[in-house]
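Notes follow once the structure below has been shown.
The values are calculated or read from the model by the stated rules, or taken from the named source; none is laboratory data. All figures in this text were calculated on a predicted structure; none of them were measured in a lab. Here the Cβ is made from the backbone with ideal geometry for all residues, glycine too, and neighbour counts use every protein chain on show.
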Amino acid sequence: MLYHILYEWLQPYWSPLNVFRYITVRTAFAGLTALLLMLVLGPWVIRRLKEFQVGQYIREEGPDHGHKAGTPTMGGVLILVCIVVPALLWTNLTNRFLWLALFALLAYGAIGFADDYRKVVRRQNLGLRARTKFGLQVGIAVLIAAALLSLRNGMYSTEILFPFFKQLRPDLVVDSWLDGGLVYALAVLPFVNLTETPQAGRRVEAISTSLLYAMGVKALIHYSPPKEENVVGFGFNPGTREAALSWAKSQQARYALTGTVDEWRYKVGVDGEPAVGVTLQVVDVGTGVVVWSGVGAQTGWGREAVSAVAQKLVRDLLEQAHLHI
């Protein structure tokens with residue numbers, strides 16, 4: 001919530017709020033928020049649990065753990081609050097993986113709450129039956145796995161990586177079993193050129209396409225704008241953007257890669273170092289929502305080609321996006 005307010009709504013009017021676009025900054029604020037909630041709510045929750053006599057009951061058989069009797073239970077409720085609230089405040093609420101993670105957290109937390117609640121009501125250390133608890137956990141895991149599989153195309157990798165064995169990358173998902181032979185293409189849309197260098201957007205688009213092929217992306221399609229000239233306003237013109245996304249959807253593309261070229265030049269000076277700045281975006285073709293975004297800038301050594309620096313930068317960004325379609 002605060003991410004959308006501070007960055008999307010207020011940042012255009014006050015540039016220092018741009019720091020909230022970075023995950024590291026928001027992670028730090030989320031951690032501080034969780035700590036503050038724990039310090040403020042922790043003592044109060046413990047007192048209330050003691051007042052309601054919500055304590056741990058010890059089984060008579062087995063080892064002697066009598067010293068734990070009466071220890072407040074259901075403390076997981078406080079932990080859930082200190083996780084969910086910062087997540088809702090500091091994350092991008094349009095990210096579907098966020099809601100999937102919160103569902104997993106709350107679903108398993110609900111099982112633990114039901115287990116503790118039965119112990120408190122019965123006043124003995126007998127909560128949910130093992131069979132019931134295991135069945136609920138497996139059912140939730142199946143739902144989460146099904147949701148992840150429905151979102152897997154282009155959004156994350158299902159390969160297992162082994163240290164020191166870079167070529168050994170077995171895939172946990174067999175697409176022919178899950179899709180019935182249906183292949184979703186990745187649409188490469190024009191890049192916005194915000195530099196003074198003509199055709200910089202086309203160059204980054206060509207580099208991205210070549211790197212995607214090298215990374216093993218199965219199907220790529222390209223959108224050509226009506227005018228065969230460098231696209232300057234693409235992405236900021238709603239009509240042009242909608243036309244491109246509609247075309248990508250008609251081509252059975254699930255996601256589209258686009259972005260901006262912010263810098264493409266040689267610096268002024270004796271060395272003349274090349275400098276490149278690029279922003280990449282992965283857009284859900286069906287909804288038009290940006291599901292992933294990466295930004296980077298890089299300079300090279302004197303006499304190094306700008307395109308060589310751009311290739312390194314774009315490769316690093318694409319590897320972060322985990323595009324495996």
query = Just to be sure, is Gly181 at pLDDT below 75 and not in a loop (DSSP other than H, G, I, E, B)?
reply = no
task = Note down all Cβ pairs under 7 Å where the first residue falls in the range 156-175 and is modelled with pLDDT of 80 or more, the second is of a type in the set (A, V, I, L, M), and they're at least six residues apart or on different chains.
result = Phe162/Leu168
task = Report, by residue number, each residue of the range 248-269 that is among the small types (Gly, Ala, Ser) and over 30 Å from Ala305 (Cα atoms).
result = Ala248, Ser250, Ala253
ask   = If you scan the range 259-303, which residues turn out to be crowded, with 16+ Cβ neighbours inside 10 Å and not in a strand (DSSP E or B)?
value = Glu273, Val285, Gly300
message = Return the residues of the range 98-125 that are assigned to a helix (DSSP H, G or I), surrounded by 14 or more Cβ atoms within 10 Å (Cβ to Cβ) and either modelled with pLDDT under 90 or touching a Phe, Trp or Tyr at 6+ places or on another chain (Cβ under 7 Å) (or both); say none if nothing qualifies.
response = Gly112, Phe113, Ala114, Asp115, Asp116, Tyr117, Arg118, Lys119, Val120
ask   = Quick check: anything in the range 265-275 of a type in the set (Asp, Glu) and modelled with pLDDT under 85?
value = yes
